[in-house]
Amino acid sequence: DKGDLSFLITQGVAQMALHLLPLFQNLVIKCGDKGVIVMARISNAGTSTTSWFNERSNIFKRYVIGKTLTEGEIVVLQHFPAIPIGKEEVISVTGAGDSLVGALCASITRKPDLFRDRAELEGATKVAQEAAVLSLRSIRAISPSLGDVQRAS
């Protein structure tokens, strides 16, 4: 079970993200044990191609694509469910979000157009979530094993 996404509306997550989207091209929202939400404004302009324009909303893959008022631009909202981890495995939640963000930033540094490629975004988010899980299982805020995750990606 990947979880119910009603919290996106009932807690106002989608609405707040939509209001921020004119200010930021890409948003990553950490939702704790509910996973990660990515919202991105993607333009078909520029030198880098994007596969998103060939996609349609897909509830099974947990993403919604909407058109904007700007020609050649779409908005993508995608949910990445949390990696299942037993409560008994969680030693501390301190640093898990920082680990996730740090790993995702490292991926963006290596591939600046990350949000334009669905498969790349999915892979980078999975690595980032694995980094968060390592920190959840560690007595330290940032797991010493994080270097192993980054080398493997």
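If you take the residues of the stretch 61-79 that are more than 13 Å from residue 37 (Cβ to Cβ) and in a strand (DSSP E or B), which of them is least open to solvent (accessible area, probe 1.4 Å)?
Per the criteria, the residue is 74.
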- Message: Looking at 89, 122, 73, can you tell me which residue is within 15 Å of the chain's Cα centre (by Cα) and among the acidic types (Asp, Glu)?
- Response: 122
- Message: Suppose we keep only residues that are among the polar types (S, T, N, Q) and under 24 Å from residue 133 (Cβ atoms) within the stretch 10-32. Which one would you say is most open to solvent (accessible area, probe 1.4 Å)?
- Response: 11
- Task: Would you be able to say whether some residue in the stretch 33-47 is open to solvent by less than 50 Å² (accessible area, probe 1.4 Å), among the acidic types (Asp, Glu) and not in a strand (DSSP E or B)?
- Result: no
- Message: Please go through (1) open to solvent by 30 Å² or more (accessible area, probe 1.4 Å); (2) part of a loop (DSSP other than H, G, I, E, B) for residue 138 and return the number of the only condition it doesn't satisfy.
- Response: (1)
- Item | Matching residues, the stretch 80-102, being among the small types (Gly, Ala, Ser), closer than 30 Å to residue 64 by Cβ and not in a helix (DSSP H, G or I) | 82
- Task: Please work out which one of (1) of a type in the set (S, T, N, Q); (2) within 30 Å of residue 144 (Cα to Cα); (3) open to solvent by 90 Å² or more (accessible area, probe 1.4 Å); (4) touching a strand residue (DSSP E or B) at 6+ places or on another chain (Cβ under 9 Å) is the condition residue 109 fails and give its number.
- Result: (4)
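The values are calculated or read from the model by the stated rules, or taken from the named source; none is laboratory data. Only a predicted model underlies this, so the values are computations on that prediction, with no experimental measurement involved. Every residue, glycine among them, receives a Cβ derived from its backbone with ideal geometry; neighbour counts consider all protein chains shown. All accessible areas refer to the heavy atoms of the entire protein, side chains included, with ligands and DNA or RNA removed. Shrake-Rupley method; radii C 1.70, N 1.55, O 1.52, S 1.80 Å.
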